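S.K.: Here it is, the structure, as structure tokens.
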Amino acid sequence: QLLPASETCVPVRPAWRSQGLCVCAAETSSTMAYQTPDSKKEEFRKYLEKSGVIDALTKVLVGLYEEPERPPNAVDYIKRYMGAPTGIDVDALRQENDNLKKEREELRATIDELNSRLTEDKEEDDA
């Protein structure tokens, strides 16, 4: 239940404090057993920091800032800096990969069929 902000109320969301709204502290003890959005954000921030994402993004942004001339496409700059290939049609590569997989399966089936024929012919010659 939203109540006017007072000393006995706890702001659940920072925006609510600025609006003068909060949840009564008595109600928070029973309903706050779930993870709050702030704790989820903090957990995600720790994950990003631990995995090195924050450092990598900081380095790429500093590199972009220190460029003497701003690149026309900042996203391509970031991709190149992070090592991602640019100018490649990923969908076309996936389609080509699917086609090659199908062709490989067809060739394997042909090989199996030819091996079967060869075995049959060899058995007939032996008989």
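All of the numbers you see were taken from the coordinates with simple rules; none came from a lab. In this text, all values refer to a predicted model and were calculated from it rather than measured experimentally. Glycine gets a Cβ as well: all are built from the backbone with ideal geometry, and neighbour counts include every protein chain shown.
S.K.: Using alpha carbons only, how many angstrom separate the centre of segment 49-67 from the centre of segment 69-98?
M.R.: 18 Å
S.K.: I want the local charge near E105. Using Cβ-Cβ distances under 14 Å, sum +1 for each Lys or Arg and -1 for each Asp or Glu among the other residues.
M.R.: -1
S.K.: Please give the length that would be gained between E43 and I88 if that part of the chain were fully extended, namely 0.36 nm times their separation in residues minus their C-alpha to C-alpha distance (nm, one decimal).
M.R.: The span from E43 to I88 would gain 12.7 nm if fully extended.
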